[in-house]
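Take a look at the structure set out below.
The values are calculated or read from the model by the stated rules, or taken from the named source; none is laboratory data. All of these numbers come straight from a predicted model, not from anything done at the bench. Please note: Cβ atoms are built from the backbone with ideal geometry, for glycine as well, and neighbour counts cover all protein chains shown. Keep in mind that these areas ignore ligands, DNA and RNA; they rest on the heavy atoms of the full protein, side chains included. Shrake-Rupley method; radii C 1.70, N 1.55, O 1.52, S 1.80 Å.
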Amino acid sequence: MYRHLKPEKIYKPHDYVPLPPPNFDIFHYRRGRKYISGVNHLLPVDDSEFDRIQHQHNIYYHVWKNHFSSPIRELLKTEGTKVLDVGCGPAMWTLEMASLYPKSKFTGIDVAPIYPVEIKPLNVEFLQVNIVKHGLPYDDNTFDYVFSRFKGFSYTIKDWKFVISEICRVCKIGGYIEFMEKDVKFDIKNDFTKKELSRFVRNLRRKSIEPIISPKIEQYIRETNNFPVIHHEKRDVPTGEWGDNEYDTYKIGKSNNEIIRWGAENIKNIMIEECDYDEKEWDLTVDEFMRELDEHHIYDNIHRIFAKKETESKEEVCKRKFNFSLLRSLFSCFKKPKKFIKKYN
Ligand SMILES: C[S@@+](CC[C@H](N)C(=O)[O-])C[C@H]1O[C@@H](n2cnc3c(N)ncnc32)[C@H](O)[C@@H]1O
């Protein structure tokens with residue numbers, strides 16, 4: 001697959017120039033579901049998936065009781081703070097954040113125009129970008145805060161490394177990056193379910209999708225050398241109606257159980273078409289798995305990884321040094337003839 005082509009154009013967020021119109025010609029249908037062509041994204045992009053994402057957004061809001069973990073509340077209340085939501089999807093997070101922090105400017109990018117195209121708040125803009133193919137079409141150090149959520153089934157492990165380097169690049173020095181992801185990791189007891197979970201994980205890895213992505217995100221941020229302190233927060237979320245009533249865990253568990261089953265339904269096509277399952281087998285496996293989660297009170301997990309950019313990357317420093325020495329030599333070229341003229345006058 002194509003990778004790392006240069007962006008066709010570099011944009012400035014909220015620059016008051018019209019952004020290119022969205023291209024809707026990037027979808028195709030398989031077995032009654034709508035997909036984005038030419039990407040590694042395993043999930044469909046249709047009403048059922050949007051409803052699932054919306055539901056997921058609400059559940060995790062109740063788990064964390066906030067939209068983000070980075071210490072940027074004051075920054076977001078400052079006029080003109082620039083925020084980027086990478087792979088914003090239908091943009092629930094972007095839109096809610098934009099109304100909570102009206103002085104900040106929000107940019108949502110996604111490979112598919114599934115964000116609101118026509119009606120949106122004044123402090124929000126959307127741009128269609130395939131980050132894996134072109135990277136981010138912004139200069140280094142552009143955004144004060146870059147957020148990315150639920151891409152576990154969107155990128156291969158190689159894509160992740162590139163995407164993280166891009167997110168780190170466009171974040172300003174002193175700004176924050178933040179990722180929110182789930183790991184496919186459950187403390188299963190039953191032998192059949194254990195075997196089936198390993199089979200699912202094996203199938204994902206065969207497609208170069210890493211099911212336990214949170215440690216990798218930390219590793220790839222660390223490898224940029226610009227984020228010396230990386231914070232990693234985790235919440236264990238019940239997967240059935242057995243949570244207690246404190247903090248609503250009972251209700252959260254019930255809803256979480258629903259979205260896990262719903263996610264399994266939405267990824268089913270790929271599992272049947274590209275992995276080693278047939279439909280009946282997949283449905284039976286999912287039933288068994290859901291029963292096990294509920295019976296044995298097994299927790300799901302959700303991670304937030306965030307960090308402050310303290311320095312620039314070596315490439316950025318090299319680029320700047322190169323530009324500076326280029327300017328200096330150009331400048332001295334202009335100076336020399338003057339001296340020459342002086343000497344011989
Ligand atoms: C599971 S959705 C999450 C949406 C949103 N971040 C949220 O939390 O509600 C993943 C999103 O990533 C987008 N995506 C997948 N591959 C992408 C790529 N190569 N470039 C940009 N966006 C991509 C998909 O179109 C989809 O909207």
So, for segment 27-312, what is the accessible surface per residue at a probe of 1.4 Å, expressed in square angstrom?
43 Å²
Relative contact order in percent for the chain (Cα pairs under 8 Å, 6+ apart) equals 18 percent
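Kindly work out what percent of the DSSP beta bridges joining two residues of segment 27-312 are antiparallel, to the nearest 5. Could you put the intermediate results ahead of the total?
Details: 20 of 40 bridges.
Antiparallel: roughly 50 percent of the beta bridges in segment 27-312.
Note down the Stokes-Einstein diffusion coefficient of segment 171-248 in µm²/s, whole number, using a Kirkwood radius over alpha carbon pairs, 37 °C, and 0.692 mPa s. Write down the numbers at each step before the final one.
Numbers: Rh = 15.7 Å.
Reported coefficient: 209 µm²/s.
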Between Ser198, Ser148, Ser208, which gets the highest mean-square fluctuation from a Gaussian network model of the chain, Cα cutoff 10 Å?
Ser198
Sorted by chain and number, the residues with a modelled amide H under 5 Å from that of Tyr138, at a separation of 5 or more or across chains, are Tyr11
Taking +1 at the Cβ of each Lys and Arg and -1 at the Cβ of each Asp and Glu, which of Trp242, Ile188, Pro137 sits farthest along the dipole of the chain towards its positive end, judged by Cα position relative to the Cα centre?
Pro137
Return the tail of the calculated pair distribution for segment 148-278, meaning the percent of Cα-Cα pairs more than 24 Å apart.
42 percent
So, with a 1.4 angstrom probe, what is the percent of accessible area on the chain that is carbon and sulfur?
55 percent
Reported to the nearest 10 Å², Asp25 has, with a 1.4 Å probe, an accessible area equal to 130 Å²
The alpha-carbon center of segment 1-70 and that of segment 250-269 are separated, in whole Å, by 20 Å
Could you tell me the convex hull volume per residue, in Å³, taken over the Cα atoms of segment 113-162?
120 Å³
Divide by every residue of the chain the summed helix terms, -39500 (n - 2.57) for each DSSP H run of at least 4, and state the resulting mean residue ellipticity at 222 nm, rounded to the nearest 500 deg cm²/dmol.
-13500 deg cm²/dmol
Send over the Kirkwood Rh of the chain, from the inverse of the averaged 1/r over different Cα pairs, rounded to one decimal Å.
22.1 Å
Spatially proximal aspartates and glutamates relative to Lys234 (Cα-Cα < 15 Å; intrachain offsets below 8 disregarded):
Glu178, Glu181, Asp183, Glu218, Asp300
Given the options Cys168, Cys275, Cys88, which has the most mean-square fluctuation in a GNM of the chain, springs set between C-alpha atoms less than 10 angstrom apart?
Cys275
Compare Tyr145, Tyr29, Tyr115 in a GNM of the chain, Cα atoms joined below 10 Å, and give the one with the largest fluctuation.
Tyr29
Surpassing 23 Å at the alpha-carbon level, of the pairs Lys77/Lys251; Lys105/Lys133; Lys161/Lys195; Lys65/Lys151, are Lys77/Lys251; Lys105/Lys133; Lys161/Lys195
